[in-house]
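To start, the structure under review is shown below, and the notes come after it.
The values are calculated or read from the model by the stated rules, or taken from the named source; none is laboratory data. On a predicted model such as this, the values are computed, not experimentally measured, just so you know. Methodologically, a virtual Cβ is constructed for each residue, glycine included, from the backbone with ideal geometry; neighbour enumeration extends over all protein chains shown.
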Amino acid sequence: MKKPTLDLTPLTVPDLLCTSALTTNDIGRVFAVAKELKHNRTVHTELLRNKRLAMIFEKDSLRTRFTFDVGMQDLGGSAVFMDHRDARLGSRESVKDVAKNLERWVHGIVARTFKHKALEELASHAGIPVINGLSDFVHPCQALSDFFTMTEKWGDVRGRTLTYVGDGNNTCHALIHTAVKLGTHIRVCSPEGYEPNSRVVNEAMRVALDTGAEVTILNDPDAAAEGADAIYTDVWASMGQEDEIEERNGIFAAYQVDEEMMARANKSALFMHCLPAHRGWEVTQEVMDGPQSVVYDIAENRLHVQKALLALLIR
Ligand code: CP
Ligand code: NVA
């Protein structure tokens, strides 16, 4: 049987640092390739034959690390992992020199960094694609997998309402950026002082004017959940904020996603979380392990979506 053809013409960007840099069409193309790779996983095994990926991680990871490594193997390539938790990018030698070395050996870089600026610097010096595996600012691979999953569940995400409850963090920023590109209404509900970055919100509101999305920032969890098609949460203290955990657990207590909150949303609303999750804190065990939870579908889709990104970005 003939292999189904994939449209692998390059995206409008050479790197994936932030979904705000992608066009709506780029995102659609990533989803189309991801869908094909998901449904024919054992067919497209040569797309990245002999290609090598460097993975530089300054922070812990289960999903991102495994899915990029397995993804490269699925496509006929391989990945080399560098654990940089104790020595941040740029501390032993300049970020520029890291980029200039890596580009001589490998065909792409995935980096998980504390500072988003380090990623931008890496990308500016490397003549190979750089993919953001999470920074303090955004988590684009996560948001693409989240929206790919919503597309699978609903067919079309346009006009749907996604409510994010919790810290206005990297995951939240990536969801906002992506939602407005796709015409999904996004409500973000955080305690006062923990709202998303205002530049992200303002830029999203501008994009939303063209796509028909609505961006709502609020502090009242009841209002935020009302009639939503999906409720999303993330940890209250992200990696690097460990010394704030106790304080945050108090501040965020009223923002836990529980059955009562889910009952305010649409009857068939999805529960979403990027993981790792803390049952009993940002989400109750009942919701996390309940019938509306799609958390493991999202985790699975990290693999398919990132394979699509690798196939579209690496030359
Ligand atoms: N969601 C996510 O990025 O998981 P990891 O931190 O385990 O990679
Ligand atoms: N906001 C979380 C996401 C983990 C995948 C963090 O940065 O730790």
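If you filter segment 260-307 down to residues that are out of contact with any strand residue (DSSP E or B) (no Cβ under 8 Å at 6 or more places or on another chain) and of a type in the set (S, T, Y), you find that the one that is nearest to V188 (Cα to Cα) is S268. With the requirement that a residue be surrounded by fewer than 24 Cβ atoms within 10 Å (Cβ to Cβ) and within 15 Å of ligand 2 (Cβ to nearest atom), what does segment 119-138 give you? D136, F137 - these are the residues of segment 119-138 that are surrounded by fewer than 24 Cβ atoms within 10 Å (Cβ to Cβ) and within 15 Å of ligand 2 (Cβ to nearest atom). At least 1 residues being of a type in the set (V, I, T), away from ligand 1 (no atom under 16 Å from the Cβ) and within 23 Å of the chain's Cα centre (by Cα) is the threshold, and among the helices (runs of 4 or more DSSP H) wholly inside segment 182-267 those reaching it are 198-211, 245-251.
Answer with yes or no whether F137 is more than 15 Å from the chain's Cα centre (by Cα), part of a loop (DSSP other than H, G, I, E, B) and of a type in the set (F, W, Y). No: the conditions fail for F137. Whenever a residue of segment 91-117 is farther than 21 Å from K59 by Cα, its partners that are in a loop (DSSP other than H, G, I, E, B), lying with C-beta atoms within less than 6 angstrom and at least six residues away or across chains, give the pairs E103/A126; E103/G127; E103/I128; H107/K51; H107/I128; H107/I314. When segment 67-83 is filtered for residues that are farther than 18 Å from P140 by Cβ and either within 16 Å of ligand 2 (Cβ to nearest atom) or of a type in the set (D, E, K, R) (or both), the ones remaining, listed by number, are D69, D74, D83. Of the residues examined, V207 is not one that is modelled with pLDDT of 95 or more, buried (at least 16 other Cβ atoms within 10 Å of the Cβ) and out of contact with any His (no Cβ under 9 Å at 6 or more places or on another chain). The residues listed here are G155, G166; of these, the one that is more than 22 Å from I109 (Cα to Cα), among the small types (G, A, S) and either within 12 Å of ligand 1 (Cβ to nearest atom) or out of contact with any strand residue (DSSP E or B) (no Cβ under 8 Å at 6 or more places or on another chain) (or both) is G155.
How many residues does segment 32-79 contain that are within 16 Å of ligand 1 (Cβ to nearest atom), of a type in the set (A, V, I, L, M, F, W, C) and closer than 23 Å to L102 by Cα?
Within segment 32-79, residues that are within 16 Å of ligand 1 (Cβ to nearest atom), of a type in the set (A, V, I, L, M, F, W, C) and closer than 23 Å to L102 by Cα number 9.
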